[in-house]
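Structure first, commentary second.
The values are calculated or read from the model by the stated rules, or taken from the named source; none is laboratory data. Bear in mind that the values here come from a model prediction, so they are computed numbers and not experimental data. Positions of Cβ are backbone-derived with ideal geometry, glycine not excepted, and every protein chain shown enters the neighbour counts. SASA here: full protein model, heavy atoms, side chains in, ligands and nucleic acids out. Shrake-Rupley method; radii C 1.70, N 1.55, O 1.52, S 1.80 Å.
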Amino acid sequence: MEIRAATVLPARREPIELHTADGLTLVGELAQPLDKPPVATLVTLHPLPTHGGFMDSHVYKKAANRLPALADLAVLRFNTRGTSSERGTSEGAFDGGEGERFDVAAALEYAEFHDLPRVWVVGWSFGTELALKWAHDPLVEGAILLSPPLHRATDADLDAWAEFGRPLVVLVPEFDDYLRPDEAKARFARVPQAEVIGVDGAKHLWVGEPYVRIVLNEIVKRVNPAAAPLPTEI
């Protein structure tokens, strides 16, 4: 059977709640391999909620639908403050990336408390800003950024990640609306351990199954290389 956009593979999926230090409850889901422990964990940070981003944004939904079965990964998705999806609405209100520091911390604390292994943060668009600003936590092994706009994240945040020293993989669409590969390579040059990858033909939202497969393969190559490349049929 070919793996298609709507394919949902077997996994243990459970609704979760995250509790922030400033008193909010956030809703989410944790997907894990069906019959074995995960080898690593993706904590996902979604695109801008004021422009339609949420935990079900399609790349993350497809990651949760496929990667527990295909790559033995746990995938933690959640709605940042004030964001809604089928799972429900997280308490609070959008705070432009500042109050969301507590949301990122709550997701990482959940992973730590539940002994989820080898945490990698995956940020997409607005989520990349949250990763760069708030995810340099000792628990985090590295970060993967999809379509970073570098609007809210400044050179100071890049310098902080450089000092943090963890791997940083940056996937930049050729036709991105905000930051394209050549400029991204220049901006991220201040992070010595950053690897910037331009993706030919892609756009900011990674629409189209070929681009989703590129993203998921690049994630798996870093986080569980033994499972790469991902199969296209099962």
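Between Glu109 and Phe94, the contour length at 0.36 nm per residue exceeds the Cα-Cα span by 3.3 nm.
At an R0 of 35 angstrom, the distance between the Cβ atoms of Arg4 and Glu174 translates into a FRET efficiency of 0.90. Using alpha carbons only, how many angstrom separate the centre of the range 137-185 from the centre of the range 78-116? With the range 137-185 and the range 78-116 each reduced to a Cα centre, they are spaced 20 Å. Of the whole protein surface, Leu230 contributes about 20 Å² of accessible area at a 1.4 Å probe radius.
Electrostatic tally near Asp95: other residues with Cβ closer than 14 Å to its Cβ, Lys and Arg +1, Asp and Glu -1, net -2.
For percent of Cα pairs over 32 Å apart, the value computed from the atomic coordinates appears in the list [x] 28; [y] 11; [z] 17 under label [y].
For the peptides 169-175, 107-113, the ranking by mean Cβ contacts within 10 Å, running from highest to lowest, is 169-175, 107-113. Ranked by the mean number of other Cβ atoms within 10 Å per residue, highest first, peptides 201-211, 218-228 order as 218-228, 201-211. Residues in the chain average 42 Å² of solvent-accessible surface per residue, probe 1.4 Å, ligands and nucleic acids excluded.
Packing here is the average count of other Cβ atoms within 10 Å per residue, and on that basis the peptides 132-140, 74-82, highest first, run 74-82, 132-140.
Label-to-label distance, Asp182 versus His19, with points set 7 angstrom from Cα along the beta-carbon direction: 5.2 nm.
Note on the range 1-47: with charges restricted to the Cβ of Lys and Arg (+1) and Asp and Glu (-1), its dipole about the Cα centre is near 200 debye. Each Lys and Arg Cβ is given +1 and each Asp and Glu Cβ -1; about its Cα centre, the chain then shows a dipole of about 520 debye.
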